[in-house]
Each structure stands twice: as structure tokens, then as C-alpha cells.
Amino acid sequence: MKRLKSQILLMMAIVMVILSSISAFANDGIAPRWSYLWMISADMNVTSYNAATVHVEASADPTEADELKVTIKLQQFDGDWKNYKIWTEDVKDDFATLKKQTAIPKGYSYQIEVTVKAYKNGKFLESATETFDYGFYQ
């Protein structure tokens, strides 16, 4: 009985060591994606009349950033990705919501590439680029 009790305690100790090392490993692997930017998102809606509306949102830490420069590239695939339309906008805030419209032809795949640069009092803090796939428009 005494031997069984010591074996159970030994097994519990081994399990606790394994579980603590797994959780420590998981915590070490988590890192923020950016230092100042919080979110970049984009999508596109296209009507049956070829009118595309691109929606972009971006945000940064309001305690750190007071301006965002957002560049939106609507790209078309024709053997490789080519810029179809480019918009750039300066937003004097830590949050940007942009809506851009253009006509697009059918028979191509499209993606939206968004670059956001964060500033504080005119000083550059950080830049990030994300690409969002729209897919094939027919």
C-alpha cells in the first residue's frame, strides 16, 4: 500500500512538471504582432454593374499614436499581381475607416493590399502591410 501511494505521488509530480513546462512554453511563444498598431482589415463588395467598393479599417494604440497614413492598393492578377488602383489617405486619429469606389472589369482575381503607418506628433512609429484576398470576379 505504501509503495502504491509513493508511485501515485511520483506520477502526479511527473504530470505537474510536464503540464507546467507546456504552459510555460505556450506563454513564451505568444508575442504581439505589432508594437503600436492594433488592427488592419479590408474587404470588397462588387455589384453586378462592376462597381467595386473597398472598405478598410485600421487602428493603433490611442495612447501611442495620433495619426495613421493608410495606403490601399487594389490589385488585379494578370499573370502576376499588378496595381489596379491606389489610394492614400492621412487620418489625424488612431482609428481610420475608409471607403473607396472604382469600376473593375470581370474575368480577373483581385486582392487588397493595405499598408498602415502610425505616427505620434509627426514622428514615425511603425508600418505594417496586410493583404486580403477577394477572389475571382466573373
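Only the coordinates and a few stated rules stand behind these numbers; no lab work does. Predicted model, so just to flag it, every value in this text is computed and none were measured. Cβ coordinates were reconstructed from backbone atoms using ideal geometry, including for glycine residues, and neighbour counts include every protein chain displayed.
A quick yes/no check of all residues on (1) in contact with a Lys or Arg (Cβ under 9 Å, 6 or more places away or on another chain); (2) among the hydroxyl-bearing types (S, T, Y); (3) more than 20 Å from Q138 (Cβ to Cβ):
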| residue | (1), (2), (3) |
| --- | --- |
| Y84 | yes, yes, no |
| V91 | yes, no, yes |
| D94 | no, no, yes |
| T102 | yes, yes, no |
Residues of region 35-68 that turn out to be out of contact with any Phe, Trp or Tyr (no Cβ under 7 Å at 6 or more places or on another chain) and closer than 13 Å to S127 by Cα, as a count: 8
When the residues of region 57-81 are filtered to those that are of a type in the set (D, E, K, R) and more than 11 Å from I112 (Cα to Cα), which remaining residue is surrounded by the fewest Cβ atoms within 10 Å (Cβ to Cβ)? D80
Residue that is farthest from S41 (Cα to Cα), among those in region 99-128 that are touching an Asp or Glu at 6+ places or on another chain (Cβ under 6 Å) and surrounded by 18 or more Cβ atoms within 10 Å (Cβ to Cβ): Y119
